Amino acid sequence: MIQPIRLARRIRAAGDDDRVDDPLVGDQVGVATKTRAKSKKPSMFKVLMLNDDYTPMEFVVMCLKRFFAMDLEQATRVMLHVHQKGVGVCGIFPYEIAETKVNQVMDFARQNQHPLQCTLEKA
Ligand code: TYC
């Protein structure tokens, strides 16, 4: 009687590499494997805005709208929070995005000769 060839059944998942379990090679017949490409979730950073006595409120609101995609209401709420408490969170991002946003705010403030300060903190 002819024996059917057993084929390796393999569960594939997103992030698999392209290794194949060949059922005709070696003794690993019919072994289901699941491999996953190594990926690490990025650590997140808060972007903080600091209060000062000189930067106009309208300028802070403009920064929050421009660089953090806030609408007028959100931006006004965050600006007033910073004005009253001294510091506030503009958003939480992976390191490189957070760093870029800090640089964008600081460059824009410098170009307009405002002392506005923005910084990073591990979330
Ligand atoms: N304190 C500023 C003023 O009274 C306004 C201000 C708000 C400045 C938030 C900086 O991050 C800031 N004009």
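Other residues with beta-carbon under 14 Å from the beta-carbon of Tyr95 carry, at +1 per Lys or Arg and -1 per Asp or Glu, a net charge of +2. Cross-link pairs exceeding 28 Å in C-alpha to C-alpha distance, out of Lys40/Lys85; Lys34/Lys101; Lys85/Lys122; Lys38/Lys65; Lys41/Lys85; Lys38/Lys122, comprise Lys40/Lys85; Lys34/Lys101; Lys38/Lys65; Lys41/Lys85. Think of each Lys and Arg Cβ as +1 and each Asp and Glu Cβ as -1; about the Cα centre, that makes the dipole of the stretch 28-94 roughly 780 debye.
Values quoted throughout were computed directly from the atomic coordinates according to the rules given, and no laboratory measurement underlies them. Computed from a prediction, not measured in an experiment: that's the story for all the values here. Neighbour counts are summed over all protein chains in view; Cβ atoms, including those assigned to glycine, are modelled from backbone coordinates with ideal geometry.
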